[in-house]
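The values are calculated or read from the model by the stated rules, or taken from the named source; none is laboratory data. Here the structure is a predicted model, which means the values were calculated and not measured. Cβ coordinates were reconstructed from backbone atoms using ideal geometry, including for glycine residues, and neighbour counts include every protein chain displayed.
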Amino acid sequence: MKDVIIIGAGTAGLSAAIYTVRAGKSALVLEAAAYGGQIINTPDIENYPGIAHISGFDFATGLYNQAKDLGAEIVFERVTGIREEGDHKVVETGNGQQYEAKAVIIATGAKNRTLGLPMEKELVGKGVSYCATCDGMFFRNKVVAVNGGGNTAVEDAAFLANYCAKVYIIHRRDQFRADEAEVERLRKKENVEFVLNSTITKLNRDTNGLTSIEVADKISGETRTLEIAGLFVAIGQAPDNSAFANVANLDEKGYVTAGEDLLTGTPGIFTAGDCRTKSVRQLTTAASDGAVAALAAATYIDALK
Ligand code: NAP
């Protein structure tokens, strides 16, 4: 029996693991894919207090090593459910394993949203990508487009503009969610064209993959065809907490409903990071949630004795 099982090895989950172990409790982190979560794909983090520049990969690897070196156990299995048994919790995984703990922290983050267009799925790896850092190099000297208006889209467009022939940034409004400083920096790049108030309506392909997209201007009503080799979709994330609906309250979008106390509604089950309802989803707030949830879990366990 572990003291705390943490579901998810992103920034929130690994921060929770560090704080759990440092609070004198044992921690098991269960992760469905790779450690690091969303930040692993960010080329350059510039807004984490105390660190002027670091790649997402280096940041995530530092967190992972720190949690492991402190004694957290990290196992790569997808969690499929949680149930209560007496005063402890049983966490089930897709491998048919069951792990027991006195407390659980759900830190499952969120996953990339898709456009939902015909052929989008088939074109992944053939021109459509959700990760500029992973796939950008395949499009060196080619024309590409980025869709979205948040920090991810603007940073991806700036990153791609460094080695692609041309980058279109397509956004459905004329105001960006991204930090103004990042948008201004992007505006200065000569090979970036802003396509605003516009949505992608169609993906066109040949036998090799994506060849062009059709983009509708919401103001003029006109549709334009952009010949591109690559489309980077950066339209935000959505959570996947459906496996926890029996123990955690979810809002209409599937986020775990929790305030700053990170309580889910079930005693001993806490949440942290981007998978919960919150207004600011940043590295700093994910790390902060991890710390708060871990200390709340430690207090909860002490009260069981
Ligand atoms: P985001 O901030 O949620 O932005 C998503 C963007 O996609 C929005 O501009 C949204 O448009 C647009 N969008 C959503 N659904 C769409 C659809 N179906 N079709 C077309 N456009 C759509 O997502 P994000 O950029 O991935 O960022 C997620 C969080 O991570 C944010 O809090 C962000 O600040 C943070 N982040 C931080 C850093 C950093 O600090 N270095 C880097 C990356 C991300 P509307 O604006 O019209 O809603």
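Structure notes:
- Considering region 202-305, the qualifying strands (runs of 3 or more DSSP E), each wholly inside and each with 1 or more residues that are closer than 20 Å to Val29 by Cβ, in contact with a strand residue (DSSP E or B) (Cβ under 8 Å, 6 or more places away or on another chain) and in contact (Cβ under 8 Å) with a residue 24 or more places away in the chain, run over 269-271.
- Residue, surrounded by the fewest Cβ atoms within 10 Å (Cβ to Cβ), within region 49-78, restricted to residues that are out of contact with any Leu (no Cβ under 9 Å at 6 or more places or on another chain) and outside any helix (DSSP H, G or I): Gly50
- Yes/no for Glu92 being more than 19 Å from Ala272 (Cβ to Cβ), surrounded by 15 or more Cβ atoms within 10 Å (Cβ to Cβ) and more than 12 Å from the ligand (Cβ to nearest atom): yes
- In region 125-141, residue nearest to the ligand (Cβ to nearest atom) [restricted to those that are buried (at least 16 other Cβ atoms within 10 Å of the Cβ) and more than 30 Å from Val280 (Cβ to Cβ)]: Gly127
- Boolean, Ala157 is part of a helix (DSSP H, G or I), modelled with pLDDT of 95 or more and closer than 27 Å to Lys278 by Cβ: yes
- Of all residues in region 12-29 being buried (at least 24 other Cβ atoms within 10 Å of the Cβ) and either under 16 Å from Phe76 (Cα atoms) or modelled with pLDDT under 95 (or both), the one that is farthest from the chain's Cα centre (by Cα): Ala27
- Filter result for the condition that a residue is over 18 Å from Leu203 (Cβ atoms), touching a residue at least 12 places away in the same chain (Cβ under 8 Å) and more than 7 Å from the ligand (Cβ to nearest atom), over Ala145, Ala181, Ala161: Ala161
- All of Thr114, Thr108, Thr152 fail the test of being hydroxyl-bearing (Ser, Thr, Tyr), crowded, with 22+ Cβ neighbours inside 10 Å and part of a loop (DSSP other than H, G, I, E, B), apart from Thr108.
- Residue satisfying condition, being among the acidic types (Asp, Glu), more than 8 Å from the ligand (Cβ to nearest atom) and in contact (Cβ under 8 Å) with a residue 40 or more places away in the chain, within set Asp156, Asp174: Asp156
- Residues that are more than 16 Å from the ligand (Cβ to nearest atom), outside any strand (DSSP E or B) and in contact with a helix residue (DSSP H, G or I) (Cβ under 8 Å, 6 or more places away or on another chain), drawn from region 28-48: Glu31, Ala34, Tyr35
- Verdict on Asp87 being at pLDDT below 95, surrounded by fewer than 16 Cβ atoms within 10 Å (Cβ to Cβ) and charged (D, E, K, R): yes
- Residue list for region 1-11, restricted to those being outside any strand (DSSP E or B), buried (at least 24 other Cβ atoms within 10 Å of the Cβ) and away from the ligand (no atom under 16 Å from the Cβ): Ala9
- Of residues in region 220-248 being of a type in the set (A, V, I, L, M) and closer than 21 Å to Gly150 by Cβ, the one surrounded by the fewest Cβ atoms within 10 Å (Cβ to Cβ): Ala238
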